[in-house]
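First the structure, in the form of structure tokens, and then the observations on it.
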């Protein structure tokens, strides 16, 4: 197996995936690939520290996982974003809406599209 030039990055990435609620186990790579619309091979390489996502994708990942971009990309600073407000308090009418949005964001894109279709058909 080739050396892992980005081993420390890979450790941080796994921490961020855990923090964001991506389930551990055999299918994690597939879920990550589906969620970020990349090949399983790309997700596998990130996971093993063999490569890193492009900077734009890495920024998107940090925002979606609600982790500090600097920490994810370089290891500097804290993982969690301190005092960050993601949504304005009036954006959603209830705690259920906030929870629903959070759950939908964790779904792979394909499942998000299927859920949207299901909701539109009712």
Just the residues that are within 14 Å of residue 106 (Cα to Cα) and touching a helix residue (DSSP H, G or I) at 6+ places or on another chain (Cβ under 6 Å), please, taken from region 59-74. 62, 65
Filtering region 78-101 down to residues that are closer than 27 Å to residue 29 by Cβ and either surrounded by 14 or more Cβ atoms within 10 Å (Cβ to Cβ) or out of contact with any helix residue (DSSP H, G or I) (no Cβ under 7 Å at 6 or more places or on another chain) (or both), which residue is modelled with the lowest pLDDT? 86
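The values are calculated or read from the model by the stated rules, or taken from the named source; none is laboratory data. The shown structure was predicted, so the numbers you read here are calculated from the model rather than taken from an experiment. Virtual Cβ from ideal backbone geometry, glycine too; neighbours counted across all protein chains shown.
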